[in-house]
1. Could you grab me the full set of residues in segment 160-176 that are surrounded by fewer than 17 Cβ atoms within 10 Å (Cβ to Cβ) and part of a helix (DSSP H, G or I)?
2. For segment 118-143, give me the residue count where each residue is out of contact with any helix residue (DSSP H, G or I) (no Cβ under 9 Å at 6 or more places or on another chain) and either modelled with pLDDT under 75 or β-branched (V, I, T) (or both).
3. Report, by residue number, each residue of segment 132-147 that is surrounded by 16 or more Cβ atoms within 10 Å (Cβ to Cβ) and of a type outside the set (S, T, N, Q).
4. Kindly evaluate P67 against the criterion of being under 24 Å from the mean Cα position of the chain (by Cα), surrounded by fewer than 16 Cβ atoms within 10 Å (Cβ to Cβ) and more than 19 Å from I161 (Cβ to Cβ).
5. Among residues belonging to segment 70-83 that are assigned to a loop (DSSP other than H, G, I, E, B) and either in contact (Cβ under 8 Å) with a residue 12 or more places away in the chain or among the hydrophobic types (A, V, I, L, M, F, W, C) (or both), point out the one that is farthest from P153 (Cα to Cα).
Amino acid sequence: MNKNKIVYAAFFALAFVASLSSCDNKRSTGLEYARNMYDPLAPDYDKPNKNFANGMTAQTPPPNTEPIGFVRYEYANTKEGYEAAGRELVNPLEANDKNLLSGKKYYTVFCGPCHGEEGDGKGHLVKIEKYSGVPSYHGDAASSRGGLMKDLPAGKIYHTIMYGLNNMGSHASQLTPEERWRVVMWVQRLQQK
């Protein structure tokens, strides 16, 4: 028998045995690669835990504690909270080119699609008639809460970014407090046009 035929026959026999052995256990998913990538290391908060007196994994935080990076916002989402924010809140950031350009960047991403690049209320979504009635930051455009848009103080703008108003949703989850103040800075620049 030819040497090559013996090698081919042995290879096919080995492949046949390997394929039959892989079909033995229907429940097996085969080899596991990087098991720790899909088995969570953190505790399951919905399951009981004998390490705590109440037997629960999810524990209530101690009183008067706040998460790291959390900034408390004391103004309610009401007309009174809006007015109070307008009177009391002042932009804590320094008015410099770095903050202003950063505010422009965030404004372009989050506000520009509706309010427009120039703050004229003619953004992309308004042009394709997805939304209507988006106010302009300059001119004689009136705010739905009273007063002219060009006269809104920093606190009222911040409050609106925080909670949203009318068709505008809240941007509190997309922008940090510092980023919101930078957007306020850019909006105030647009108000001057």
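The values are calculated or read from the model by the stated rules, or taken from the named source; none is laboratory data. It should be emphasised that the depicted structure is a prediction, and the values quoted were computed from it without experimental measurement. Backbone-built Cβ (ideal geometry, glycine too); neighbour counts: all protein chains shown.
1. Matches in segment 160-176: none.
2. 1
3. Hits for segment 132-147 are V134, P135, Y137, H138.
4. So P67 passes the test.
5. Here is the first cut: in segment 70-83, the ones assigned to a loop (DSSP other than H, G, I, E, B) are 70-78.
Filter once more, keeping what is either in contact (Cβ under 8 Å) with a residue 12 or more places away in the chain or among the hydrophobic types (A, V, I, L, M, F, W, C) (or both): 70-71, 73, 75-77.
Working: F70: 24, V71: 21, Y73: 17, Y75: 15, A76: 17, N77: 17 Å.
This residue is F70.
Residues checked against (1) closer than 26 Å to A154 by Cβ; (2) of a type outside the set (A, V, I, L, M, F, W, C); (3) in a loop (DSSP other than H, G, I, E, B); (4) out of contact with any Gly (no Cβ under 8 Å at 6 or more places or on another chain):
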position: A58; (1), (2), (3), (4): no, no, yes, yes
position: P61; (1), (2), (3), (4): no, yes, yes, yes
position: A85; (1), (2), (3), (4): yes, no, no, no
position: A95; (1), (2), (3), (4): yes, no, yes, yes
